[in-house]
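Engineer: Below is a structure I'd like to ask you about.
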Amino acid sequence: MPPARTQNPFRASGSSPVGVPRFQRLSRRNSRGAGWHIRGYRDMGSMWINVRRGSYGNTYGQDVNEGSTIREFWEDVVRGVQMEDGFPMPENWTFELTSNKRPIIPSDDLITTIFDGDENVYVKVYDEDDNERVFDFDTYTWEYHVPGRRR
């Protein structure tokens, strides 16, 4: 006789067994809208978000799962800036993420509450005196932002 089927404790229900940590359910939804990197398009539950680093930095795109939180997205972007631009950065420097000229505040809300894919996010780094700093790849140092300067 086959063994009795046990219920999977990690089903879509909102609870988990005692002592077992909950884990994040990632979305796997596909929405083949007008095309790749278009607002509303999903590929295995991920949407495309452009991240521009600094006032005259480069723009990088990244896939973000629609099941992730704003805090997770915020931490991923900040970690990417820290690892790429002059790592390690001073601990008393701060980051500002904005989209459509509105600040992105880390919270436990889903990322889909503010984004629907094909969005632009701007990341700026400020020192302890609230001066904007940009990483200069020619000298590999952090320079002060000069308004009006383009690279």
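The values are calculated or read from the model by the stated rules, or taken from the named source; none is laboratory data. All values reported here derive from a predicted model rather than from experimental measurement. Cβ coordinates were reconstructed from backbone atoms using ideal geometry, including for glycine residues, and neighbour counts include every protein chain displayed.
Engineer: Mind counting the residues in the range 63-121 that are loosely packed, with under 13 Cβ neighbours inside 10 Å, of a type in the set (S, T, N, Q) and in a helix (DSSP H, G or I)?
Structural biologist: Looking only at that region, the number is 1.
Engineer: Which one of D116, D109, D136 is under 20 Å from Q62 (Cβ atoms), modelled with pLDDT under 90 and charged (D, E, K, R)?
Structural biologist: So the residue among D116, D109, D136 that is under 20 Å from Q62 (Cβ atoms), modelled with pLDDT under 90 and charged (D, E, K, R) is D116.
Engineer: Continuing with the same structure: Could you go through the range 88-107 and let me know if any residue there is on the phi < 0 side of the Ramachandran plot and touching a Gly at 6+ places or on another chain (Cβ under 8 Å).
Structural biologist: From the range 88-107, those on the phi < 0 side of the Ramachandran plot are 88-99, 102-107; that's our starting set.
Filter again for touching a Gly at 6+ places or on another chain (Cβ under 8 Å), leaving none.
Taking every residue of the range 88-107 in turn, none turns out to be on the phi < 0 side of the Ramachandran plot and touching a Gly at 6+ places or on another chain (Cβ under 8 Å).
Engineer: If you don't mind, there's one more thing I want to ask. Would you tally the residues in the range 122-151 being part of a loop (DSSP other than H, G, I, E, B) and not basic (K, R)? I'd like the intermediate steps shown before the answer.
Structural biologist: Within the range 122-151, the first condition is being part of a loop (DSSP other than H, G, I, E, B), and the residues that meet it are 127-131, 137-140, 145-151.
Right, trim to not basic (K, R) and you get 127-131, 137-140, 145-148.
Within the range 122-151, residues that are part of a loop (DSSP other than H, G, I, E, B) and not basic (K, R) number 13.
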